[in-house]
Amino acid sequence: MKDFPLFIQSPVSYGGHVQGIAVDRKNGHIYFSFTTELLKCDLAGNLLGSVKGWIGHLGCIDFDDETGYVFGSLEIKNDSIGCSIKKLLNTDADIPDSFYIAVFDGKRITSKDIDADKTNVMRTSFIKECTEDYLNKRYGCSGIDGTCVAPDIENNDGICDCLYTAYGIYRNNEKDLNDYQIILKYPLKDIIKNSAFFKDNPFHKTGCESFTDKYFVYTGNTNFGVQNLEYDGKTKDWFMAVYRGIKEYFPNYPCFAIDGSKKPFLSDVPNDPFRQKHKILHLKDIHNTGCATPGFDFSSGQFGLYSFDNGYFYIAKSLRTEDNGWFAQVQLYSLSYSEKQVFVEVQNEG
């Protein structure tokens, strides 16, 4: 870890708060998603380039070492979040409700304020399943957010050849409603293959014909679902950071770990319109709480979570400037299941 600083501060963005971070370890770059723009920086926080041009919510991001691509969830919608983004961008453009995986070519991001609507820097792959669940008001789906590149969760061989994206889930305090997180899995190569340049048609329907798997995770209801989803190559677990739910009969943890050593099991899901068995993933009961929705109390992670796969993580916090801008502070943490907060801030390299 000697090549990676303990602390990085991003440039200021006026495109919304930080949603996710990703690191290109080979080239010493860090990427920040600021809702309506993507920033590329060096590890000192100096801006190397940025991309903007979409009327939508770019969420959690991840970097794929093999392709050099940055992948992120892209929500284009007309709910309260979509309306606030239109207000931020000062536009009343007509947009359809549709959801994509954004694919950025990192090596093409070499200057500031690149317009995705006019260049080949960004492709998008239409996520049909999420769009249909959103339009049909199924499972409390508000879109997608948490996104990561990782191995097949049912084989977990260490080869990161799958793309995962987690649904945003609306808050709902009614009993048994919206209590599951939902994660879609796709072959990474298929997401890339079945994509189109954003500039050619921002609202296209080019995408994978179907997902590989659809997983459910029982956490209790949260506020807008999985904000950040990250695979850790050391523990071989998946981490989910959420905004806490408020149902009184749940612990309402802000962080959860999916146990990557356990195969999913088949079960019914309450209020499922299809009334069929679904694949359910196991949560890791790190602190032996014995509850049905085990998690842990860590105060950050919702704004950016990146695993180095060696016991260390970069975790981001979102902050404001006096002139209504946003910036991120990224801190190095070590992972320890024996610690109360699980993530422990690294004080020095020794």
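Just so it is clear, none of the values below were taken in a lab; they were calculated from the coordinates. Note that the coordinates shown come from a computational prediction; the quantities given were computed from them, not determined experimentally. Positions of Cβ are backbone-derived with ideal geometry, glycine not excepted, and every protein chain shown enters the neighbour counts.
General remarks:
- Label-point gap, in nm, between F7 and N78 - each point 7 angstrom along Cα→Cβ: 4.6
- Remark: V269, V51, V342 ranked as V269, V342, V51, counting other beta-carbon atoms within 10 Å and listing the fewest first.
- Rg/Rg_ref, the chain, where Rg_ref = 2.2 N^0.38 Å and atoms are Cα: 0.92
- Greater than 31 Å apart at Cα, pairs in K185/K284; K128/K277; K137/K205; K2/K86; K284/K317: K2/K86
- The residues H57, H29, H287, when put in order of fewest to most other Cβ atoms within 10 Å, stand as H287, H29, H57.
- Here the Kirkwood formula puts the hydrodynamic radius of region 285-338 at 13.2 Å, using every distinct Cα pair.
- Under-5 Å amide H pairs with G168, H placed in peptide plane, nonlocal only: S142, G143, I144, D145
- The alpha carbon gyration tensor of region 197-350 gives principal lengths a ≥ b ≥ c with a/c of 1.5 or higher and a/b no greater than b/c, which makes the shape oblate.
- Counting 0.36 nm for each residue step from D92 to Y337 and taking away their Cα separation leaves a gain of 83.4 nm.
- Exposed-loop-free span, longest in the chain, where chymotrypsin sites (Phe, Trp or Tyr not before Pro) count as exposed if DSSP calls them loop and at most 10 other C-beta atoms lie within 10 Å: 1-248
- Dipole magnitude for the chain: about 220 debye, using +1 per Lys or Arg Cβ and -1 per Asp or Glu Cβ, origin at the Cα centre.
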